[in-house]
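Input: one structure, supplied below.
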């Protein structure tokens with residue numbers, strides 16, 4: 001017998017002129033995994049923040065177990081059995097797991113018998129759901145996957161019956177995703193209800209029993225997962241059919257534009273992260289670099305773009321040596337020589353989020369004509385340039401004066417991409433171009449990269465999304481533990497082969 | 001209480017009403033202090049207003065203090081846009097004054113306007129040089145500027161005492177000060193200007209440095225928001241990692257920001273040496289460097305905010321001295337406490353009433369719009 005545990009009726013929420021949620025109705029049944037899918041900026045996270053009491057709806061009612069409730073803060077939600085695991089974890093890094101969980105909840109817990117009881121309860125929870133967490137380990141020693149489990153455990157300990165997960169797999173490696181899914185399934189078996197917010201269709205098909213689709217603040221459909229397929233969901237999300245496979249012309253690789261010879265790079269802690277890597281990228285081809293996060297891709301990209309010092313080995317641009325352990329060009333000099341870089345982490349490196357959009361659209365090119373004459377910035381030309389490329393790259397909203405943090409993730413990525421591609425670079429280094437970006441924008445970004453390649457650029461694509469590497473690249477190399485462990489031609493390679501290489505099995 | 005939708009709040013509510021409410025509250029609390037000290041707060045307010053506006057010389061004093069606070073406030077703000085907490089304004093101003101004096105006394109054979117320009121340059125260069133050392137240590141060694149600049153205040157003070165006692169002291173006098181500059185090099189004072197129009201007023205320290213303060217404000221606005229240097233400094237301040245990615249050198253920008261900051265603080269020496277004392281007297285920066293931090297924070301590190309904030313502190317300084325003169329129970333330290341309360345309300349407790357005030361106005365405007 002299915003009974004609704006959470007019912008939302010006519011929820012409305014606006015931020016300024018943006019109507020983030022319009023008349024949302026949603027019913028979630030007890031003991032199910034319910035997927036909520038939609039593009040970035042479709043209003044998924046806003047809706048769930050309302051359910052978790054972080055935002056208050058402008059109108060509408062929320063019922064838990066048939067009883068109408070008023071959620072004014074996360075505390076109210078916790079009392080009503082709603083827990084949430086955020087995309088960015090809310091943990092104190094230098095506390096232990098136990099300390100984090102009882103934090104804010106400690107009361108008389110800190111000493112004696114109560115603490116023992118809390119420990120026992122937590123151990124039981126860990127066993128029931130196979131969380132496999134050591135309560136005494138410090139958060140900073142745990143991997144991202146384990147930190148997420150701590151968040152789940154925290155919610156469960158506080159009596160969550162409904163668990164909301166916001167884009168839980170965005171930060172996980174493929175193995176960690178599998179582990180997470182196992183945990184979620186066992187939670188479901190024990191009668192918990194799970195709401196999964198995602199924009200990854202594969203996860204929806206894999207895990208959920210029901211799915212709701214949001215588009216531009218509205219709920220556009222509910223269905224049982226077994227009655228639908230990826231293509232249909234994708235169409236509902238963007239309101240049109242999308243090409244999940246890219247059409248691209250045959251590769252016409254020319255001369256070698258960028259090459260790396262025996263490169264070794266260390267990270268900030270003096271650990272060698274890139275070990276004797278050789279690469280060669282030709283004009284008119286995309287070289288895909290696949291690998292599980294943390295196998296040296298980040299350090300490699302940073303070294304290639306001039307951000308990080310080279311320990312040994314050489315880097316050549318158009319046949320000329322640009323960097324070795326003694327002499328190296330800085331990012332700006334490399335830019336002048338025609339190398340552009342879309343960094344992996346847009347908020348940490350690609351943008352100054354407190355800047356206005358137009359300031360970010362010239363970031364790194366701000367000292368070039370016509371943006372700056374001697375020392376003075378030429379605002380008129382900068383703004384008109386910004387308007388032009390925002391239109392060309394469909395950055396929304398098209399307001400150059402808006403602070404960058406007010407743009408959605410996908411649009412922030414478009415700001416970076418438009419900036420880097422606009423200069424027609426000879427060599428383009430791209431890290432995770434579509435991480436956290438919605439399907440419509442993914443298609444757009446992929447098409448732009450293909451266009452660049454057809455115009456003769458040499459592109460290095462670093463991505464943890466295997467689908468992306470497979471659909472874009474002409475050649476694929478796999479990185480594992482800082483080394484290139486294999487090179488494949490895109491035409492005759494399977495997911496399985498790459499997966500084995502990425503796992504370091506072969 | 002639901003957070004207010006920021007985009008619906010009219011600019012004058014967040015930028016005028018809220019600061020005014022905070023200021024009023026600060027004054028009410030200060031009034032309470034005065035009441036507890038056994039004086040009539042109403043009378044004290046009247047004295048402050050009379051002292052700073054009531055007669056022409058009083059107003060001139062107010063503007064003289066304002067000049068000093070503008071220089072040190074701007075100095076702090078420029079460094080802060082690069083997220084550097086330069087609390088060494090006091091020492092940089094002191095050394096800047098040394099620059100003014102050395103240039104003026106050694107180039108006295110040149111025409112006076114040229115000596116003035118060179119002296120201003122001397123103030124900037126000496127102030128910047130004093131800021132350069134902490135900046136260099138921060139950029140290359142990571143020594144925190146908060147620590148180094150405050151230590152450099154002490155070093156500057158000791159160095160100046162040494163110079164004033166043993167090296168450049170006016171040997172005909174007993175006090176720790178230099179000889180006076182030739183009279184023709186003195187900045188024209190407000191009194192001189194009034195004299196030109198046939199108005200006779202008594203002495204006040206206000207001089208044409210006030211115009212320099214206005215120029216400096218425009219310069220800072222232009223520098224921070226309209227030039228490549230300002231852009232790069234703000235980029236380093238907001239996100240150093242991203243700056244490195246964009247090929248912007250944090251090293252270079254830390255040094256540039258600190259040197260400009262030190263140079264602006266040095267300008268205080270122009271006002272004090274060319275405009276007021278006409279020689280270096282020991283301890284002439286008198287805490288303006290520190291109060292400048294409060295001025296900058298209150299003015300949101302923007303010249304348009306710093307100017308009124310400096311003026312407010314000018315009123316408090318001038319009006320305050322009037323009160324201490326007339327009210328025996330109120331000491332000078334009482335007004336330091338009043339300043340503290342103002343900083344507390346408009347800085348630390350700035351957001352205390354903001355949500356309430358904003359939602360009040362938003363609701364009122366909505367009712368009006370729907371009616």
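The values are calculated or read from the model by the stated rules, or taken from the named source; none is laboratory data. Note that the structure is predicted; figures quoted are calculated from it, not measured. Cβ sites come from the backbone with ideal geometry, for glycine too, and all protein chains shown count toward neighbours.
Kindly list, by first and then second residue, each pair from a residue in segment A:362-376 that is within 16 Å of residue A:418 (Cβ to Cβ) and at the interface with chain B (Cβ under 7 Å from one of its Cβ atoms) to a residue that is crowded, with 19+ Cβ neighbours inside 10 Å and at pLDDT below 90, limited to pairs with Cβ atoms under 7 Å and residues at least 6 apart or on different chains.
From residues that are within 16 Å of residue A:418 (Cβ to Cβ) and at the interface with chain B (Cβ under 7 Å from one of its Cβ atoms), the pairs are A:366/A:372.
Identify, from the list B:305, B:347, the residue that is over 13 Å from the mean Cα position of the chain (by Cα) and under 25 Å from residue B:220 (Cα atoms).
B:347
Name the one entry in B:44, B:77 that is more than 13 Å from the chain's Cα centre (by Cα) and buried (at least 24 other Cβ atoms within 10 Å of the Cβ).
Values: B:77 fails: more than 13 Å from the chain's Cα centre (by Cα).
Unique residue meeting the criteria: B:44.
Show me the strands (runs of 3 or more DSSP E) entirely contained within segment A:293-354 in which 3 or more residues are away from chain B (no Cβ under 13 Å) and surrounded by 15 or more Cβ atoms within 10 Å (Cβ to Cβ).
Details: elements: A:312-317, A:320-323, A:339-342.
Filter on segment A:293-354 gives A:312-317.
Residue check: is residue B:251 touching a strand residue (DSSP E or B) at 6+ places or on another chain (Cβ under 7 Å), within 14 Å of chain A (Cβ to nearest Cβ) and part of a helix (DSSP H, G or I)?
Working: touching a strand residue (DSSP E or B) at 6+ places or on another chain (Cβ under 7 Å): no; within 14 Å of chain A (Cβ to nearest Cβ): yes; part of a helix (DSSP H, G or I): yes.
Considered against the rule, which asks whether it is touching a strand residue (DSSP E or B) at 6+ places or on another chain (Cβ under 7 Å), within 14 Å of chain A (Cβ to nearest Cβ) and part of a helix (DSSP H, G or I), residue B:251 comes out as no.
Just to be sure I understand the filter: pairs with C-beta atoms under 7 Å, separated by 6 or more residues or on different chains, first member in segment B:306-317 and buried (at least 22 other Cβ atoms within 10 Å of the Cβ), second member not in a helix (DSSP H, G or I). Which pairs pass?
Within 7 Å, the pairs are B:306/B:299; B:309/B:299.
Right, next: With (1) surrounded by fewer than 19 Cβ atoms within 10 Å (Cβ to Cβ); (2) within 24 Å of residue A:65 (Cβ to Cβ); (3) within 20 Å of the chain's Cα centre (by Cα) as the list, and residue A:174 as the residue in question, which single condition is left unmet?
Answer for residue A:174: the failing condition is (2).
Please go through (1) surrounded by fewer than 24 Cβ atoms within 10 Å (Cβ to Cβ); (2) within 9 Å of another protein chain (Cβ to nearest Cβ); (3) outside any helix (DSSP H, G or I) for residue B:225 and return the number of the only condition it doesn't satisfy.
Tallying (1) surrounded by fewer than 24 Cβ atoms within 10 Å (Cβ to Cβ); (2) within 9 Å of another protein chain (Cβ to nearest Cβ); (3) outside any helix (DSSP H, G or I), residue B:225 fails exactly one: (3).
Right, next: Would you check if residue A:440 is buried (at least 23 other Cβ atoms within 10 Å of the Cβ), more than 28 Å from residue A:310 (Cβ to Cβ), within 18 Å of the chain's Cα centre (by Cα) and modelled with pLDDT under 90?
It is false that residue A:440 is buried (at least 23 other Cβ atoms within 10 Å of the Cβ), more than 28 Å from residue A:310 (Cβ to Cβ), within 18 Å of the chain's Cα centre (by Cα) and modelled with pLDDT under 90.
Go through (1) surrounded by fewer than 20 Cβ atoms within 10 Å (Cβ to Cβ); (2) at pLDDT 90 or above and name the single condition residue B:333 misses.
For residue B:333, the failing item is (2).
Hey, another quick one. Among the candidates B:299, B:283, B:269, single out the residue that is buried (at least 23 other Cβ atoms within 10 Å of the Cβ) and within 30 Å of residue B:175 (Cβ to Cβ). Talk me through it step by step, then tell me what you get.
Values: B:299 fails: within 30 Å of residue B:175 (Cβ to Cβ); B:283 fails: buried (at least 23 other Cβ atoms within 10 Å of the Cβ).
Matching residue, one of B:299, B:283, B:269: B:269.
Can you tell me which residue among B:182, B:176 is in contact (Cβ under 8 Å) with a residue 12 or more places away in the chain and touching a strand residue (DSSP E or B) at 6+ places or on another chain (Cβ under 9 Å)?
On the way: B:182 fails: touching a strand residue (DSSP E or B) at 6+ places or on another chain (Cβ under 9 Å).
Of B:182, B:176, the one residue that is in contact (Cβ under 8 Å) with a residue 12 or more places away in the chain and touching a strand residue (DSSP E or B) at 6+ places or on another chain (Cβ under 9 Å) is B:176.
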